[in-house]
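The values are calculated or read from the model by the stated rules, or taken from the named source; none is laboratory data. All of these numbers come straight from a predicted model, not from anything done at the bench. Positions of Cβ are backbone-derived with ideal geometry, glycine not excepted, and every protein chain shown enters the neighbour counts. All accessible areas refer to the heavy atoms of the entire protein, side chains included, with ligands and DNA or RNA removed. Shrake-Rupley method; radii C 1.70, N 1.55, O 1.52, S 1.80 Å.
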Amino acid sequence: MKTPAHMFFGGLLPFCMICLMMDDIYASLYKLKVCGALSTMFTAFIIVIVVTVSVGMVCTCYQLSKQDHQWWWRSVFRGGSIAIFMFAYGFYFYARAKARISLSLLEFLCYNACLFYAVFLILGTIGFYASSVIFQCVDLQLKRRN
């Protein structure tokens, strides 16, 4: 699979896991709703980390089984691609809550871009480390066989 396919599937699965929580997360970020959003955000973040690590490990194993050793940048993009889905969800949220949000579209998009760039970097780093652990395990197994 090419890098865009890895990014699509690597971001879609974690996003589907937290899709129902996205309204609460956005509403609490923009002060539209007062709720137990800290627990919601923490739960969503833990779910995203677990699924990102799992997807990263499985995809890296698949890549290595196909003798494709260009795993490092794909692991970063695959891990961080959920941020692209979350940023795209922001358009949907803004369209629904435009009357209640006091920000213009440009301000809203700039805040979201900064926030989800940070999410991209964090989850990309997590995906890279998960893939490197699998790579080291596979490499160690191969060295033991030879």
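Structural remarks
- Qualifying residues in the range 1-37 (those that are of a type in the set (D, E, K, R) and touching a residue at least 12 places away in the same chain (Cβ under 8 Å)) - the one surrounded by the most Cβ atoms within 10 Å (Cβ to Cβ): Asp24
- Filter result for Leu115 (closer than 20 Å to Asp23 by Cβ and either in a helix (DSSP H, G or I) or of a type outside the set (S, T, N, Q) (or both)): yes
- Residue check, Arg96 touching a Leu at 6+ places or on another chain (Cβ under 8 Å) and open to solvent by 80 Å² or more (accessible area, probe 1.4 Å): no
- Residues satisfying the stated conditions in the range 32-87, i.e. at pLDDT below 90 and outside any helix (DSSP H, G or I): Leu32, Lys33, Val34, Cys35, Gly36, Lys66, Gln67, Asp68, His69, Gln70
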